[in-house]
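Chemist: My questions all concern the structure below.
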Amino acid sequence: MLMEADGQQGTELGSVSVGIDGEDEDVAAERRTVGRVSETGDSEHVIIVRGLRKVFPSTGGYPKKVAVKDLYMTVRKGEVFGLLGPNGAGKTTAVNMLVGYTTPTSGSALVGGLNIRKSMHLIYDMMGVCPQQNLLWDTLTAAEHLEFYGRLKGLSGDGLKTAVVAALKSVRLFGGDTGKKLVKAYSGGMRRRLSVAISLIGDPSVAYLDEPSTGLDIAARRNLWNTVKRAREGKAIILTTHSMQEAEVLCDRVGFIVNGSLVAIGNPRSLISRHGGYLIFTLTTTKACINTAKEQVSQKLTRNARLAYEVSRTLIFELPTAEVKISEVFFFAENVKSQIQVIDWAVTSATLEQVFMKVVAKAGITAEALH
Ligand SMILES: Nc1ncnc2c1ncn2[C@@H]1O[C@H](COP(=O)(O)OP(=O)(O)OP(=O)(O)O)[C@@H](O)[C@H]1O
C-alpha cells in the first residue's frame with residue numbers, strides 16, 4: 001500500500017480531541033483509531049477519514065449549511081460500511097467528498113494511502129462509484145457502458161469481455177438481449193442495477209454505493225445484496241442506505257449520521273445490544289382492560305417498563321433486558337390471562353431500526369421528522 005507524505009497530517013491530527021462532552025464512546029474510539037492508523041500507516045485500513053467537514057456557503061437568502069461536521073472513520077479491507085441517517089443528514093455530501101465530486105472545507109481522507117486533497121487522479125483508478133442519481137447514456141447499451149468503464153479501469157481484450165459478461169450476469173442483465181438493449185428502454189430498477197455493476201467492474205479496491213437499492217423490488221434487492229457480498233472480498237465498500245434491513249444483511253459496521261455528525265458507530269449487533277438493551281413486548285387487549293394491563297406489566301414484570309406506543313388497544317412496552325428475561329415475558333403473558341383478556345401478544349429483541357430511531361431522537365431529531 002502506498003503511504004503518501006502528508007505535510008498536513010500533524011496539524012490535522014493535532015486537533016483530534018477524544019472524549020468531547022457527550023460524544024459516544026464508540027465514536028471517540030473510532031477517532032482514536034484514525035489517529036493511530038494515520039500516524040503509523042496501515043494496509044488494512046483502506047479508507048481513513050480524518051476530520052472531513054463541508055460547509056455550503058449561504059446562497060439565495062439561505063444561511064450557510066454545515067453539511068458534514070468533522071467526520072472521523074475508517075473502513076477496512078473486506079469491510080462493507082453503512083452510512084445511515086435521516087434525509088439531509090450529510091451522507092451523500094460525505095461520500096461526494098471522498099469520490100472527488102465536492103471539495104472538503106477542511107479535513108482530509110486517505111484512500112489506499114493517498115490523500116484525496118492531492119491525489120484524486122490516482123485514487124480514481126482504484127475506485128468504483130454508484131452515485132445516488134444514475135449517470136447513464138440513453139443511447140448506449142448496458143454492455144457498452146460496462147465496456148467503457150472497464151477500459152477506464154485498465155481492462156482490455158478477453159479480460160474486458162469476460163468482466164462485462166460477469167458484471168451483466170451479476171445484476172441479472174444478461175438474459176436474452178437485455179444487455180444489448182439501449183438503456184432508454186430500461187426500467188428504473190434495471191438502470192439502478194447497471195449503475196451498481198458499473199461501480200464494481202474492474203474489481204476496484206474501494207467502492208462507494210449511494211443508496212444502491214433505491215427503486216428495486218424485493219427480489220432485485222436481494223440479488224443486489226448477493227452481488228455486493230460476493231464483491232466485498234479485498235475491497236473497502238461504503239454504502240449509504242435508508243433500509244435498516246439492508247444494513248443488517250450487508251454491513252459489517254454502520255455509522256449513524258445526524259445533522260452532519262457521527263453519533264454512533266459499530267457492528268449492527270453490538271449497536272443493538274449497546275443502545276437497545278431492551279425487549280419489545282406488544283400486548284393487545286380490550287378497551288376495558290387497558291389500564292389493568294399497564295398495571296400488571298408494571299407490577300409483575302418491571303416498574304421500569306416504558307410504554308413506547310399505545311395505539312387503539314395495542315400497548316408496546318420496552319422492557320430493560322437487565323431486569324426482564326424473555327422467558328419471564330412468556331410466563332407473564334400466559335398468567336395475565338386470568339386478569340385481562342389477551343387478544344394477542346409478542347416479544348422481540350430491539351431491532352436496528354428501533355435503535356436508529358432512539359439514537360437519532362437522542363441527537364435531537366424527533367421520530368415524526370424521520371417520516
Ligand atoms: N450544493 C449544496 N448547497 C447547499 N446545501 C447543500 C448542497 N448539497 C447538500 N446540501 C445540504 O446539505 C445537507 C446534507 O445533504 P446530503 O444530501 O448530504 O444529505 P443525505 O444524508 O445524503 O440526505 P438523503 O438521505 O436525503 O439523500 C442538507 O441540508 C442539504 O440540503
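The values are calculated or read from the model by the stated rules, or taken from the named source; none is laboratory data. Note that the structure is a prediction, hence the values are computed from the model and not measured. Cβ coordinates were reconstructed from backbone atoms using ideal geometry, including for glycine residues, and neighbour counts include every protein chain displayed. What goes into the accessible areas is simple: the full protein's heavy atoms, side chains included, and nothing from ligands, DNA or RNA. Shrake-Rupley method; radii C 1.70, N 1.55, O 1.52, S 1.80 Å.
Chemist: I want to make sure I understand the PRE zone here: with the label point 7 angstrom from the Cα of K287 toward its beta carbon, which residues in region 298-317 have backbone N atoms less than 15 Å away?
Modeler: 311-314
Chemist: Give the residue list of trypsin sites (Lys or Arg not before Pro) in region 18-111 that are DSSP loop and have at most 11 other beta-carbon atoms within 10 angstrom.
Modeler: The qualifying sites are K64.
Chemist: Further, regarding this structure: What 222 nm value per residue comes from the helices of the chain, counting each DSSP H run with n ≥ 4 as -39,500 (n - 2.57) and dividing by all residues, nearest 500 deg cm²/dmol?
Modeler: -10000 deg cm²/dmol
Chemist: Work out, step by step, the length gained on full extension between K65 and S338: first 0.36 nm times the residue separation, then minus their alpha carbon distance; give nm to one decimal.
Modeler: Residue separation times 0.36 nm, minus the Cα-Cα distance, leaves 92.5 nm.
Chemist: List the residues, sorted by chain then number, that are 5 or more residues from R313 or on another chain and whose placed amide H is less than 5 Å from its amide H.
Modeler: Placed amide hydrogens put nothing under 5 Å from R313.
Chemist: Could you name the lysines in cross-link range of K169, using Cα to Cα under 16 Å and dropping any fewer than eight places away on the same chain?
Modeler: In chain and number order, the partners are K161, K180, K181, K229.
Chemist: Please give the helix 218-231 orientation as an angle from the longest Cα principal axis of the chain, in degrees from 0 to 90, rounded to the nearest 10.
Modeler: 60 degrees
Chemist: Looking only at GluC sites (Glu not before Pro) in DSSP loops with at most 13 other Cβ atoms within 10 Å, what is the longest site-free stretch of the chain?
Modeler: Answer from the scan: 45-232.
Chemist: Which percent of the accessible heavy-atom area of the chain goes to carbon and sulfur, probe 1.4 angstrom? Mind showing how you got there, number by number?
Modeler: Details: 9120 of 17750 Å².
It is 51 percent, rounded to a whole number.
Chemist: Between E323 and A166, how high is the FRET efficiency from 1/(1 + (r/R0)^6) when r is the Cβ-Cβ distance and R₀ = 41 Å? Nearest 0.05.
Modeler: 0.20
Chemist: A further question follows. Could you state the accessible area per residue of region 145-205 in Å², with a 1.4 Å probe and every protein chain left in place?
Modeler: Per-residue accessible area for region 145-205 comes out at 49 Å².
Chemist: Given a Förster radius of 41 Å and the C-beta distance between F330 and R32 as r, what FRET efficiency does 1/(1 + (r/R0)^6) yield to the nearest 0.05?
Modeler: Result of the calculation: an efficiency of 0.45.
Chemist: So, in Å, what gap is there between the alpha-carbon centers of region 320-338 and region 169-204?
Modeler: 51 Å
Chemist: Roughly how big is the chain's charge dipole about its Cα centre, with Cβ charges of +1 (Lys, Arg) and -1 (Asp, Glu), in debye to the nearest 20?
Modeler: Dipole magnitude for the chain comes out near 620 debye.
Chemist: Leaving out same-chain residues fewer than 8 places away, which lysines sit with a Cα under 28 Å from that of K325?
Modeler: Excluding near neighbours in sequence, the set is K287, K294, K300, K337, K358, K362.
Chemist: Could you name the aspartates and glutamates whose alpha carbon sits less than 14 Å from that of K77, not counting residues in the same chain fewer than 8 places away?
Modeler: D42, E44, D203, E233, D252
Chemist: May I ask you to evaluate 6.51 cos²θ - 1.76 cosθ + 1.60, the Karplus curve with θ = phi - 60°, for each residue of region 332-340 and list the ³J(HN,Hα) values in order in whole Hz, giving x for glycine and proline?
Modeler: Listing the rounded values in order: 4, 4, 6, 6, 5, 4, 6, 9, 9 Hz.
Chemist: What's the percent breakdown of Cα-Cα distances in region 25-272 across 10 Å bins, shortest bin first?
Modeler: 7, 31, 35, 20, 6, 0
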